[in-house]
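Below: one structure, written as structure tokens.
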Amino acid sequence: MSFPASKSSSKQLRKSRGGRMVKTFRPQLTSLIDVMTILLIYLLQSFSSEGDIVTVHKDLILPESSAKKPPELRVTLIVNNTYILAEDVRVASVDEALSSEALIIPGLYQWLQLRREATEKIEQYSTKTKFKGEITIQGDKRIRFRLLKKIMYTCGQQGYNNFSLAVRRREG
């Protein structure tokens with residue numbers, strides 16, 4: 001893409017106060033556009049789109065780990081000391097889940113079932129979507145293991161057997 005050169009001569013002369021002739025410089029717009037285009041292309045090429053895929057919920061304090069594997073985009077469960085969220089939908093309270101002797105958490109079980117069925121229905125019509133049974137659990141570091149065990153068991157009963165636990169990278 002180029003623009004026609006300006007009609008003014010770059011060797012224009014102008015009188016100064018002393019009567020001497022001074023050459024003036026006028027930058028060409030075409031050159032400036034080329035420079036800006038090159039800068040834009042360079043910045044777009046160097047822009048890193050690899051950032052945090054997982055957004056940590058504001059109420060959570062994730063456990064620390066030395067794991068270096070980057071997070072992947074999956075179905076996300078958020079668990080703190082009061083409630084269980086599945087993709088930002090409240091599916092159960094922690095008190096109800098812990099008070100029950102059953103290993104399955106009913107609200108979470110139903111939500112996972114609906115999610116799996118929807119994914120399998122899309123899978124029938126699309127070759128790009130496939131149910132893999134992958135799930136990421138963002139659990140507060142203060143939750144009880146018994147609750148985590150119930151969540152993992154419930155997920156496993158619906159075919160979500162590939163668990164990832166979201167952690168915070170240990171400093172140092």
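The values are calculated or read from the model by the stated rules, or taken from the named source; none is laboratory data. Bear in mind the structure is a predicted one, so any value in this text is a computation, not a measurement. Here the Cβ is made from the backbone with ideal geometry for all residues, glycine too, and neighbour counts use every protein chain on show.
Worth pointing out:
- Whichever residue in region 116-140 is touching an Asp or Glu at 6+ places or on another chain (Cβ under 8 Å) and under 18 Å from residue 166 (Cβ atoms) and, among such residues, is modelled with the lowest pLDDT: 140
- Some residue of region 136-146 being loosely packed, with under 14 Cβ neighbours inside 10 Å, of a type outside the set (Gly, Ala, Ser) and within 24 Å of the chain's Cα centre (by Cα): yes
- So residue 97, is it surrounded by 16 or more Cβ atoms within 10 Å (Cβ to Cβ) and assigned to a helix (DSSP H, G or I): yes
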